[in-house]
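The values are calculated or read from the model by the stated rules, or taken from the named source; none is laboratory data. Remember, predicted model here, so these are calculated numbers, not experimental data. Neighbour counts are summed over all protein chains in view; Cβ atoms, including those assigned to glycine, are modelled from backbone coordinates with ideal geometry.
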Amino acid sequence: MRKTQKQKKTEQLIAFNIIVSRYEEQLLRYASRIVGGSDAAQDIVQNTFIKLFKKWTEELEPSPKLSGWLYRVAHNCAVDYIRKETRRHTLHLKHAEEIDNFIPPNRGAGFRIGEKAERAAAALKILTPREQQLVILKIYEEKSYKEIGEITGLTVTNIGYILHHAMKKMATELKKAQNNE
């Protein structure tokens, strides 16, 4: 018996909802670590799923290939967001210089992270975007080198090399911060 167009669309929508529920939390965590905010991360993940719905041509079912694709798209959306925010921030700074009355944005009264987490976040910020991505995927997302390779397109050897040097940079930064206390 042939499926009707309506049945096919219903099955596709069910499969899409399964994918969203399976990967949404992971992608939100990943994106918020890259951009440093949950609102922006929600937008990034929403855009990631929109792109999945529009561009994914294979079977919609959880798989390492789909996971890698979702992380790669989320990363690219996050980088685009950071670029956009950097441009916006630059424009705001120029405007602030003109009016000489700039007040930095407030993250809200309830926003507070621990002292060690603040130091780790500060150390993470000294890394290049590529190094940040790899550290976040390895440390925070607990991805294997193979999974990181699928997400980033880098070889396992290259990932190891970059992570080694990134962790050394972070350790140096953390020691400096500790000595300054």
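Evaluate the following for G36: is it surrounded by 13 or more Cβ atoms within 10 Å (Cβ to Cβ), within 24 Å of G149 (Cα to Cα) and at pLDDT below 90?
So G36 fits the description; yes.
Restricting to segment 53-65, give me the number of residues that are part of a helix (DSSP H, G or I) and touching a Lys or Arg at 6+ places or on another chain (Cβ under 9 Å). Let's see the steps before the verdict.
Here is the first cut: in segment 53-65, the ones part of a helix (DSSP H, G or I) are 53-55, 64-65.
Imposing the further condition that a residue be touching a Lys or Arg at 6+ places or on another chain (Cβ under 9 Å) reduces the set to 64.
Of the residues in segment 53-65, 1 are part of a helix (DSSP H, G or I) and touching a Lys or Arg at 6+ places or on another chain (Cβ under 9 Å).
Sort out which residues of segment 3-20 are part of a helix (DSSP H, G or I), among the polar types (S, T, N, Q) and over 20 Å from I50 (Cβ atoms), and write them in order of number.
Hits for segment 3-20 are Q5, Q7.
Among the residues of segment 1-33 satisfying the criterion of being farther than 27 Å from Y81 by Cβ and basic (K, R), which is surrounded by the fewest Cβ atoms within 10 Å (Cβ to Cβ)?
The extreme case among them is R2.
Could you pull out every one of the helices (runs of 4 or more DSSP H) wholly within segment 80-181 that has 2 or more residues that are modelled with pLDDT of 80 or more and of a type in the set (G, A, S)?
Qualifying helices (runs of 4 or more DSSP H): 115-125, 156-179.
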